[in-house]
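A.B. asks: Take a look at the following structure, please.
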Amino acid sequence: MDFLNDIFAGELDTYVITAALVVPMVLLLFLSYPMVVPLVVATLIGLVHFSQSDTGVVIQQMVTGISPNALIAVPMFILAADIMARGHTANNLLGLIQAYVGHRRAGLPITACIACTLFGSVSGSTQATVVSIGQIMRPRLLKAGYKDSFVMALIINASDIAFLIPPSIGMILYGTLANTSVGELFIAGIGPGIVLALLFSVYCYFYSVWQGDLISLVPKASGAERRAAIRKAILPLGFPVLIVGGIYSGAVTPTEAASFSVLYALIVECVIYRELKLDDVLDSALSTGLITAVVFILVGAGQAFSWYISFEQVPQGLLEPLNLEGASHEYILFIIALCFFVGCMFVDSLVVLVILTPIFVPIIDVSGLDPVLVGVMITLQMAIGSATPPFGCDIFTAIAIFNKPYLQVIRGTLPFFLILALMTALLIYVPEIALFLRDLAAL
């Protein structure tokens, strides 16, 4: 009762404030309000009830949250991804990979895995990758004899490599929040993305061996078919070269690379392939506007909420029992990974990113941890959360496009989750996986 009395009396205490903010947020989420509503309501409760402050600061902080110039890249990468997803890019990338590995044991699932990685470097969107690659590869894998639970789990989890491979919307937002170079984050994400694709491919191979005669192989492509596949895939492969090569060489900034990516996508899909018409481009622009509005509203609301809890020093009070001050880098990375993973299981990953990043930034600065390594770790947890029950967004995307029930979609996800957990451990104890290319680029 004393605890409730403190809440109603507006007594300032870390756990009292936390309870007063979290309970209304949870209730509003259960009532199906969009995430921006619980964030704003919780912030207003804190300002009015505990701080007796001017509520106009909420608007000020929301505007501040979406003001950084680096965020200009977000809608441009989303637009380029939407244009590519509507065109021939996914088909041509799949054709190239299948021409070289499709006839081998586990060739088709490895094709799907590599295609998700490459398409992630084109789209930067896990959900676009689930839709574009999943709709093409799932029928082929089922025809070859693979179980549907394995197929859906593979597509959902391999698509999450798009979080790590540039361009990554999560990395842009983290770089903005943590005042870290987006270009360095992009380059640092390549190594973990490739390692994760290899780990998934190894699992696909052993799964195919275990299934044995139940799985059929596709015919080996001829030399002419392989050369044709290369010709068709050259232009889509130019997209990651433009992004990574331009940033790696220092020729362009991430924002400039984003603008070039839109122009490149328009030229490839509308002029060369002639797959998209003006109406398709307008639809892409409308879709981009809607997605960008949602993302920026969440970022703004998250900024206001983060500002308030920082103002009241709530994070410091909650993190104090964890003894992070003076702790080893491995322990701090583990705590950060755990917090982001649990948060992304239940709430949209971008919201978790906006709320938790400002909490950990002071700890990162004091501990001497490389903020780029932390950014890659956080991005990996966003990927894991997007594919993990109960509320991973890619799970619900798969439910919609495959028209399958929830339990059937998540049935085969455990082995992939264990691989992702292994990848987390590798990043903690072998940080060079992420930092090698970044350090090489700095030479």
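A.B. asks: Beyond 15 Å, how much of the Cα-Cα pair distribution for the stretch 120-165 remains, as a whole percent?
C.D. replies: Numbers: 409 of 1035 pairs.
That tail contains 40 percent of the Cα-Cα pairs.
A.B. asks: Next up: To the nearest whole percent, what portion of all C-alpha pairs in the stretch 309-408 is separated by more than 24 angstrom? Before the final figure, lay out each step's value.
C.D. replies: Values: 1470 of 4950 pairs.
Value for the stretch 309-408: 30 percent of Cα pairs lie more than 24 Å apart.
A.B. asks: Given the DSSP H assignment, sum -39500 (n - 2.57) over each helix run of at least 4 residues in the chain and divide by its residue total; what's the result at 222 nm in deg cm²/dmol, nearest 500? Don't skip to the end; give the middle numbers.
C.D. replies: Working: 23 runs with 329 residues, N = 443.
Here the helix-only value at 222 nm equals -24000 deg cm²/dmol.
A.B. asks: Using the Cβ atoms and a cut-off under 12 Å, what net charge is assigned to the surroundings of GLY170, where Lys and Arg are +1 and Asp and Glu are -1? Please list the in-between numbers first.
C.D. replies: Values: positive: none; negative: ASP160, ASP348.
Combined, the nearby Lys, Arg, Asp and Glu give -2.
A.B. asks: Projecting each Cα onto the charge dipole of the chain (Lys/Arg +1, Asp/Glu -1 at the beta carbon, about the Cα centre), which of GLN98, LEU440, LEU276 comes out farthest on the positive side?
C.D. replies: Among GLN98, LEU440, LEU276, the one farthest towards the positive end of the dipole of the chain is GLN98.
A.B. asks: Sticking with this one: State the extension gain, in nm to one decimal, for the chain segment bounded by VAL63 and VAL271, taking 0.36 nm per residue of separation less the distance between their alpha-carbons. Provide the component values of the computation, followed by the final result.
C.D. replies: Working: separation 208, 0.36 × 208 = 74.88 nm, distance 3.81 nm.
Separation in residues times 0.36 nm, less the Cα-Cα distance, equals 71.1 nm.
A.B. asks: Quick check: pseudo-label points 7 Å beyond the Cα along Cα→Cβ at GLN313 and TYR33, how many nm apart are they?
C.D. replies: In this crude spin-label approximation the distance works out to 3.0 nm.
A.B. asks: Let me know the shape class of the stretch 173-266, please: from the alpha-carbon gyration tensor, a ≥ b ≥ c as square roots of the eigenvalues, rounded when a/c is under 1.5, otherwise prolate if a/b is greater than b/c, or oblate. If you can, show how the numbers build up before the last one.
C.D. replies: Numbers: a/c = 3.67, a/b = 1.59, b/c = 2.31.
Cα axes put the stretch 173-266 in the oblate bin.
A.B. asks: OK, next. Using the basic label-point model (7 angstrom from Cα toward the beta carbon), what is the TYR406 to ILE419 distance in nanometres?
C.D. replies: 2.6 nm
A.B. asks: Students often check this: by mean Cβ neighbours within 10 Å, which of 331-344, 398-411 ranks highest, and how do the rest follow? All intermediate terms of the calculation are to be shown ahead of the outcome.
C.D. replies: Numbers: 331-344: 19.5, 398-411: 15.7.
The most tightly packed comes first, giving 331-344, 398-411.
A.B. asks: A further question on this structure: Tell me, what is a quarter of the convex hull surface for the C-alpha atoms of the stretch 270-321, in nm² with one decimal?
C.D. replies: Taking a quarter of the hull surface, the average projection is 6.0 nm².
A.B. asks: Turning to a different aspect of this structure: From the C-alpha gyration tensor of the stretch 375-443, pull out the three semi-axes of the equivalent ellipsoid (sqrt of 5λ each), sorted largest to smallest, in whole Å. Mind showing how you got there, number by number?
C.D. replies: Numbers: eigenvalues 193, 33, 14 Å².
Equivalent-ellipsoid dimensions as semi-axes: 31, 13, 8 Å.
A.B. asks: Return one whole number: the accessible area per residue of the stretch 216-354 in Å², for a 1.4 Å probe.
C.D. replies: Here the residues of the stretch 216-354 average 51 Å² of exposed surface.
A.B. asks: If the viscosity is 1.306 mPa s and the temperature 10 °C, what translational diffusion coefficient in µm²/s does Stokes-Einstein give for the stretch 12-99 when Rh comes from Kirkwood over Cα pairs? Before the final figure, lay out each step's value.
C.D. replies: Values: Rh = 16.8 Å.
Estimated via Stokes-Einstein, D reaches 94 µm²/s.
A.B. asks: If you don't mind, there's one more thing I want to ask. Quick one: what does P(r) look like for the chain with 10 Å bins over all Cα pairs, in whole %?
C.D. replies: Percent of Cα pairs in each bin: 4, 21, 30, 26, 13, 5, 1, 0.
A.B. asks: Around PRO236, under 14 Å between beta carbons, what's the net of Lys plus Arg minus Asp minus Glu among the other residues?
C.D. replies: Residues close to PRO236 contribute a combined charge of +1.
A.B. asks: Please compute the length gained on full extension between VAL241 and ASP148, using 0.36 nm multiplied by the number of residues separating them and subtracting their Cα-Cα distance. Provide the component values of the computation, followed by the final result.
C.D. replies: Values: separation 93, 0.36 × 93 = 33.48 nm, distance 3.40 nm.
Using 0.36 nm per residue and subtracting the Cα-Cα distance, I get 30.1 nm.
A.B. asks: How do the peptides 235-243, 381-389, 283-291, 317-325 rank, highest first, by the average count of neighbouring beta carbon atoms within 10 Å per residue? Before the final figure, lay out each step's value.
C.D. replies: On the way: 235-243: 19.3, 381-389: 25.7, 283-291: 16.0, 317-325: 13.2.
For the peptides 235-243, 381-389, 283-291, 317-325, the packing ranking is 381-389, 235-243, 283-291, 317-325.
A.B. asks: Starting from 0.36 nm per residue, how many nanometres of slack lie between ASP365 and SER249 once their C-alpha separation is accounted for? Could you put the intermediate results ahead of the total?
C.D. replies: Working: separation 116, 0.36 × 116 = 41.76 nm, distance 2.77 nm.
Length difference between fully extended and current span is 39.0 nm.
A.B. asks: With a 10 Å radius around each residue's Cβ, average the other Cβ atoms per peptide and rank 178-188, 428-438, highest first. Kindly include the intermediate steps, with their values, before the conclusion.
C.D. replies: Values: 178-188: 23.2, 428-438: 18.4.
Those peptides, ordered most packed to least, come out 178-188, 428-438.
The values are calculated or read from the model by the stated rules, or taken from the named source; none is laboratory data. Keep in mind that this is a model prediction, so the values were computed, not measured. Cβ: placed from backbone, ideal geometry, glycine included. Neighbour counts: every protein chain shown. Areas reflect the complete protein model, heavy atoms only, side chains present, ligands, DNA and RNA absent. Shrake-Rupley method; radii C 1.70, N 1.55, O 1.52, S 1.80 Å.
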